[in-house]
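Data block below; observations after.
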Amino acid sequence: MEQYLHLPRLIAHRGAKNSAPENTLAAINEAARCSAGWVELDVQLTKDGVPVLLHDRSLDRTTNGSGEIKNIDSSSLASLDAGYWFDAKYKGENVPLLLDALDLCQKLNLGVNLEIKAYGTSIHNTVVRTLSVVNEFGSEFEEKLLFSSFDTKVLSTLKSLSPNFPRGLIVKKFHGDLAADLSSNACFSIHPAISFLKNRANIKKVLSFDVPIIPYTVNDLDTAKRLAELNINTFITDEPKIF
């Protein structure tokens with residue numbers, strides 16, 4: 001698989017996170033219902049090394065559990081509720097295994113942006129175990145799967161272990177030498193916070209990198225129109241239903 005992707009217009013952030021509980025199978029289904037071409041999902045490891053979907057370091061905000069995900073094993077995680085906090089109709093929604101999430105994405109013909117998070121865990125182990133699950137799908141996600149991370153160590157590990165999977169660098173603010181970070185990790189794309197792109201100097205800088213720009217998080221039509229005028233046609237959104 002070469003670093004080429006069929007990028008969509010819409011990438012639904014953590015699934016359609018404003019319409020269903022984030023990083024759940026329900027959110028993935030909702031993203032497909034809203035005609036998002038891809039979903040963005042967050043991947044972490046449990047205590048026993050199983051890749052699952054969760055954004056935060058801890059379970060507290062989005063489940064009825066508590067503590068850090070790295071301290072709970074997958075069998076205990078399966079008993080937690082990841083939907084009730086959002087709406088009563090989602091009671092019983094689980095924290096999904098990455099395997100089950102990718103299986104659903106495959107069935108729904110959704111592309112996937114996987115953000116790898118390694119909060120206090122081995123980056124190498126997190127990447128290895130995530131790749132192991134992704135590779136179970138063979139060529140099913142060819143040209144439809146993009147890894148991303150804020151952490152250049154994650155990106156360099158991905159490059160070393162599986163160089164043909166495209167990689168994206170996520171940035172909240174400009175720091176250091178972003179051009180060098182993109183180049184040294186052979187990044188396919190850059191994913192800037194939308195707040196960057198309200199500054200002309202920052203827009204010029206991002207455009208100068210000559211890689212696809214995938215901003216987050218775009219939740220209104222006016223911003224999407226402004227991005228299109230800059231020839232930025234793919235973005236991450238919490239609100240795929242409005243586009």
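Brief remarks on what is shown
- Scanning the range 92-126 for residues that are part of a helix (DSSP H, G or I), within 21 Å of Asp48 (Cα to Cα) and touching a helix residue (DSSP H, G or I) at 6+ places or on another chain (Cβ under 8 Å) yields Leu98, Leu99, Asp100, Ala101, Leu102, Ile123, His124, Thr126.
- Test result for Gly83, part of a loop (DSSP other than H, G, I, E, B), touching a Phe, Trp or Tyr at 6+ places or on another chain (Cβ under 6 Å) and either modelled with pLDDT under 95 or not hydroxyl-bearing (Ser, Thr, Tyr) (or both): yes
- Of all the residues in the range 102-126, those that are closer than 16 Å to Leu25 by Cα, aliphatic (A, V, I, L, M) and either surrounded by fewer than 22 Cβ atoms within 10 Å (Cβ to Cβ) or touching a Cys at 6+ places or on another chain (Cβ under 6 Å) (or both) number 3.
- Strands (runs of 3 or more DSSP E) wholly inside the range 147-239 containing at least 2 residues that are β-branched (Val, Ile, Thr), modelled with pLDDT of 95 or more and within 30 Å of Val133 (Cβ to Cβ): 167-171, 235-237
- Flag if Gly49 is farther than 19 Å from Leu131 by Cβ and either part of a loop (DSSP other than H, G, I, E, B) or touching a Gly at 6+ places or on another chain (Cβ under 9 Å) (or both): no
- Residue within the range 15-28 that is surrounded by fewer than 19 Cβ atoms within 10 Å (Cβ to Cβ), in contact (Cβ under 8 Å) with a residue 24 or more places away in the chain and assigned to a loop (DSSP other than H, G, I, E, B) present: no
- Annotation: of all residues in the range 71-96 being in contact with a Gly (Cβ under 6 Å, 6 or more places away or on another chain) and touching a residue at least 24 places away in the same chain (Cβ under 8 Å), the one that is farthest from Asn18 (Cα to Cα) is Glu93.
- Contact map, the range 34-62: residues that are without any contact (Cβ under 8 Å) to a residue 12 or more places away in the chain and under 21 Å from Lys241 (Cβ atoms) paired with residues that are buried (at least 16 other Cβ atoms within 10 Å of the Cβ) and not β-branched (Val, Ile, Thr), Cβ distance under 7 Å, separation 6+ or inter-chain. No pairs are found.
The rows are residues; the columns are (1) of a type in the set (Val, Ile, Thr); (2) loosely packed, with under 15 Cβ neighbours inside 10 Å; (3) in contact with a helix residue (DSSP H, G or I) (Cβ under 9 Å, 6 or more places away or on another chain).
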position: Glu143; (1), (2), (3): no, no, no
position: Ser148; (1), (2), (3): no, no, yes
position: Val154; (1), (2), (3): yes, no, yes
position: Phe165; (1), (2), (3): no, no, yes
position: Ile190; (1), (2), (3): yes, no, yes
position: Thr217; (1), (2), (3): yes, no, yes
position: Asp222; (1), (2), (3): no, yes, no
position: Phe235; (1), (2), (3): no, no, yes
position: Asp238; (1), (2), (3): no, no, no
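- Check on Ala36, under 16 Å from the mean Cα position of the chain (by Cα), surrounded by fewer than 22 Cβ atoms within 10 Å (Cβ to Cβ) and outside any strand (DSSP E or B): no
- Yes/no for Val134 being in contact with a helix residue (DSSP H, G or I) (Cβ under 6 Å, 6 or more places away or on another chain) and either over 21 Å from Lys70 (Cα atoms) or free of Cβ contacts under 8 Å to residues at least 60 places away in the same chain (or both): no
The values are calculated or read from the model by the stated rules, or taken from the named source; none is laboratory data. This one's a predicted model, so the numbers in the text were calculated from it and none came from an experiment. Virtual Cβ from ideal backbone geometry, glycine too; neighbours counted across all protein chains shown.
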